[in-house]
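Down below is the structure, laid out as structure tokens.
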Ligand code: HEM
């Protein structure tokens, strides 16, 4: 048995993928994806043939130089998924369709059109006052904590980590924090991005679109100091439909990865003894924990993706026009080529967690995400200084997803605080 053993079953006979292609779906050892990436790299090199759900072939780009190359060469590896040569094999209920199916948003645009759309988002996000955002996040975090502080226990993923960036993002876009339909929008966002059993994500996504279309209309009539108004007033003159599409992209892109960044950082702080002391003033700071998570447990582990514009080569592989490439961001961050001594993680920010190149997470967004995540973590530790895990560290479970790295739950306990 190889290192990839039970989780990496090879492609079935008759499959158009190379015979050694590895099935990504249903990987059993979410606990240590670093092991998977190391094994895949050893067996297949920096670009591995993989099978997505339904045995659809793609390439997983594992090497730091290769991910950097792909993301920096959009003339070779482009973002419009309609280029895919596998569409004839994709059923209408394919589970990855929500991420891969073309939508007329900034995410799938290329060239000048992408520069136009991303330029509007960049400028609109650049207008966010980081101190004000920090104050808003503190207020949001305080309210959430007050909701569970008296009970002495909480499940931080559901009750805290998801809610802080969701509320901060919709408020940043101009929805008043206290309005009843703001909470409805936040709930619908959660359902559409992360449906629980019994939820209807399609209906929730529809309601998100309708509410944001109304927001755009309201801001056309009465602009304010918010991201939506700045997008509408930008000289590029985006249509209302374009602004709605891109607002959905901004809010969704802000919510999920930032929530997992918060939760993965809290996990590290509560389980690693270098930080356990640090919570109340030990060796390593919250900022260092946030950065270490981006190197070692990055929220967007794998991102789908890019599509080859023409036949080319990458990492010794022949890539055909229209092939799909998955950006292995977590694998690239732990690439032994950049960590020859084996020690991964550093004070610097040269990780690829925000990707790279033309389509990378747009410049001010990582800074805003940092404000949200840092404020969420620091406020929690300020308010509940004796916070500890309510279960053993090895009882925490990771979500069975190869895309997002995040916990299913983070149960904690603390001395109840009488308000
Ligand atoms: C305030 C919070 C955030 C906002 C507003 C935001 C916004 C965005 C937007 C609009 C895009 C699409 C860019 C494009 O296609 O041109 C994007 C892409 C992306 N973001 Fe963020 N983001 C946020 C937080 C994060 C966090 C916390 C992470 C991970 C640690 C992250 C990782 C990414 C990645 C990997 C991409 C894909 C880039 C690619 O296609 O190469 N983002 N983000």
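Worth pointing out:
- Residue within the range 87-109 that is within 16 Å of the ligand (Cβ to nearest atom), in contact with a helix residue (DSSP H, G or I) (Cβ under 6 Å, 6 or more places away or on another chain) and without any contact (Cβ under 8 Å) to a residue 24 or more places away in the chain present: yes
- Of all residues making up the range 74-86, the number that are within 13 Å of the ligand (Cβ to nearest atom) and out of contact with any strand residue (DSSP E or B) (no Cβ under 9 Å at 6 or more places or on another chain): 0
- Screening the range 212-269 for residues that are in a loop (DSSP other than H, G, I, E, B) and in contact (Cβ under 8 Å) with a residue 24 or more places away in the chain and picking the one that is farthest from residue 171 (Cα to Cα) gives 236.
- Selection status of residue 400, within 23 Å of residue 254 (Cα to Cα), away from the ligand (no atom under 16 Å from the Cβ) and either touching a strand residue (DSSP E or B) at 6+ places or on another chain (Cβ under 8 Å) or in a loop (DSSP other than H, G, I, E, B) (or both): yes
- In the set (1) more than 16 Å from the ligand (Cβ to nearest atom); (2) in a helix (DSSP H, G or I); (3) in contact with a helix residue (DSSP H, G or I) (Cβ under 7 Å, 6 or more places away or on another chain); (4) closer than 19 Å to residue 258 by Cα, the condition left unmet by residue 165 is number (1).
- Looking across 350, 369, 373, one residue alone is at pLDDT below 95 and within 15 Å of the ligand (Cβ to nearest atom). It is 350.
- Search result, residues across the range 251-272 that are at pLDDT below 95 and within 13 Å of the ligand (Cβ to nearest atom): 251, 252, 253, 254, 255, 256
- Residue check for residue 235: more than 15 Å from the ligand (Cβ to nearest atom) and either under 21 Å from residue 101 (Cβ atoms) or out of contact with any strand residue (DSSP E or B) (no Cβ under 6 Å at 6 or more places or on another chain) (or both): yes
Listed here are the residues, each with its yes/no results for (1) part of a strand (DSSP E or B); (2) within 30 Å of residue 153 (Cβ to Cβ).
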{"position": "304", "(1), (2)": "yes, no"}
{"position": "343", "(1), (2)": "no, no"}
{"position": "350", "(1), (2)": "no, no"}
{"position": "356", "(1), (2)": "no, no"}
{"position": "362", "(1), (2)": "no, no"}
{"position": "372", "(1), (2)": "no, yes"}
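- Among the numbered conditions (1) surrounded by fewer than 16 Cβ atoms within 10 Å (Cβ to Cβ); (2) part of a loop (DSSP other than H, G, I, E, B); (3) touching a residue at least 40 places away in the same chain (Cβ under 8 Å), the only one that residue 391 does not meet is (3).
- Taking first residues from the range 350-366 that are more than 15 Å from residue 298 (Cα to Cα) and in contact (Cβ under 8 Å) with a residue 24 or more places away in the chain and partners that are in a loop (DSSP other than H, G, I, E, B) and more than 7 Å from the ligand (Cβ to nearest atom), the Cβ contacts under 8 Å between residues at least 6 apart in sequence or on separate chains come to 357/73; 357/74; 358/74; 359/74; 364/128.
- Only a single criterion out of (1) without any contact (Cβ under 8 Å) to a residue 12 or more places away in the chain; (2) not in a loop (DSSP other than H, G, I, E, B) is not satisfied by residue 170, namely (1).
- Scan of the range 29-72 for residues that are outside any helix (DSSP H, G or I) and at positive phi, ordered by number: 45
- Evaluated against (1) assigned to a loop (DSSP other than H, G, I, E, B); (2) more than 16 Å from the ligand (Cβ to nearest atom), residue 379 falls short on exactly one condition, (1).
The values are calculated or read from the model by the stated rules, or taken from the named source; none is laboratory data. The structure presented is a predicted model; accordingly, all values stated were derived computationally and were not measured. Positions of Cβ are backbone-derived with ideal geometry, glycine not excepted, and every protein chain shown enters the neighbour counts.
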